[in-house]
Amino acid sequence: MLDCITLYESLISNIINSKQKNLEEEKAQEVAKLQEALQAMQVHVEEVKALVVKEREVAKKAIEDAPPVIKEVPVMVQDTEKVESLTAEVANLKVIGLLSYLFPCALALWFLVFVCYVYIFLYFF
């Protein structure tokens, strides 16, 4: 009778150890996948930064190479308040447009970093 109990306990222990090993392997694989995804996103961000720098340099060179055009045109402004409000609205729209482009990218990157930290935390604790 004691042999059966001992055998049963060893079988249960082996099953538990096997499940724990499987879970640890799955965690390690998931962490590796997330780290690869994070590295890929970081590479993409660096590429985008390089493109922005290159575009900025091209724009500066184009501005320097362009001949200056100075032409005085009389402007008849009848409603300066309306012009100022429209100018402010255009500036706001430019900011909103830029934010609507950058926000999803930043949010996705933050979420990926958060998930990586959670998995790393769960893996070590």
Near pairs, Cβ below 7 angstrom, 6+ apart or cross-chain, from segment 97-125 (over 16 Å from Ala40 (Cβ atoms) and among the hydrophobic types (A, V, I, L, M, F, W, C)) to any residue that is assigned to a helix (DSSP H, G or I) and at pLDDT 75 or above: Ile120/Val31; Leu122/Lys27
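For every residue, the table says whether it meets (1) more than 30 Å from Leu112 (Cα to Cα); (2) touching a residue at least 60 places away in the same chain (Cβ under 8 Å).
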| site | (1), (2) |
| --- | --- |
| Leu7 | yes, no |
| Leu23 | no, no |
| Met41 | no, yes |
| Val45 | no, yes |
| Val58 | yes, no |
Qualifying position, being modelled with pLDDT under 85, out of contact with any Asp or Glu (no Cβ under 7 Å at 6 or more places or on another chain) and under 30 Å from Ile120 (Cα atoms), among Ile63, Ile70, Ile12: Ile12
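So that you can scan it fast, the table gives a plain yes or no per residue for (1) in a helix (DSSP H, G or I); (2) closer than 30 Å to Glu24 by Cα; (3) charged (D, E, K, R):
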residue: Gln39; (1), (2), (3): yes, yes, no
residue: Gln42; (1), (2), (3): yes, yes, no
residue: Arg56; (1), (2), (3): yes, no, yes
residue: Glu64; (1), (2), (3): yes, no, yes
residue: Pro74; (1), (2), (3): no, no, no
residue: Gln78; (1), (2), (3): no, no, no
residue: Lys82; (1), (2), (3): yes, no, yes
residue: Ser100; (1), (2), (3): yes, no, no
residue: Val113; (1), (2), (3): yes, yes, no
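The values are calculated or read from the model by the stated rules, or taken from the named source; none is laboratory data. Just so we're clear, the structure is a prediction, and the values are computed from it rather than from any experiment. Methodologically, a virtual Cβ is constructed for each residue, glycine included, from the backbone with ideal geometry; neighbour enumeration extends over all protein chains shown.
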